[in-house]
1. Among the residues of segment 25-42, is there at least one that is closer than 18 Å to THR91 by Cβ and not in a strand (DSSP E or B)?
2. Against the definition (surrounded by 13 or more Cβ atoms within 10 Å (Cβ to Cβ) and modelled with pLDDT under 95), how does ILE20 come out, yes or no?
3. Could you figure out which of (1) assigned to a loop (DSSP other than H, G, I, E, B); (2) in contact with an Asp or Glu (Cβ under 6 Å, 6 or more places away or on another chain) isn't true of THR16?
4. Can you tell me which residue is farthest from the chain's Cα centre (by Cα) among those in segment 1-13 that are part of a strand (DSSP E or B) and crowded, with 16+ Cβ neighbours inside 10 Å?
5. Could you give every pair whose Cβ atoms fall below 7 Å, whose first residue belongs to segment 59-70 and is among the basic types (Lys, Arg), and whose second residue is surrounded by 12 or more Cβ atoms within 10 Å (Cβ to Cβ) and assigned to a strand (DSSP E or B), counting only separations of at least 6 or pairs across chains?
6. Among the residues of segment 25-64, what is the count of those that are over 24 Å from GLY81 (Cα atoms) and aliphatic (A, V, I, L, M)?
Amino acid sequence: PPTPIAPPELLAVGATYLWIKPNANSIIGDGPIILKEVEYRTTTGTWAETHIVDSPNYKLWHLDPDVEYEIRVLLTRPGEGGTGPPGPPLTTRTKCA
């Protein structure tokens, strides 16, 4: 199954949002990629929600101001066992409110 080589790319930061680019083109493993998902957490928390990404860039909303987050990407190819392990995380902090 496919796995991202690089962490997501940070495009923009606000107090309650982060714009990222999943970097789903740099992978190890096999494709084709049929599903991209973004998973995030605070650096002290557990991995929370998974969001399906259907565009080149993705905006994480409703985040807390001045908090450090980790964001990683999961990729899926067709067939059984098609979801690979998560790629390396991006660690970033939202702006102060």
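The values are calculated or read from the model by the stated rules, or taken from the named source; none is laboratory data. Keep in mind the model is a prediction, meaning the values are calculated, not measured. When we count neighbours, we look across all protein chains shown, and the Cβ atoms used for this are built from the backbone with ideal geometry, even at glycine.
1. no
2. Details: surrounded by 13 or more Cβ atoms within 10 Å (Cβ to Cβ): yes; modelled with pLDDT under 95: no.
The answer is no for ILE20.
3. Failed condition: (2).
4. THR3
5. LYS59/TRP19
6. 2
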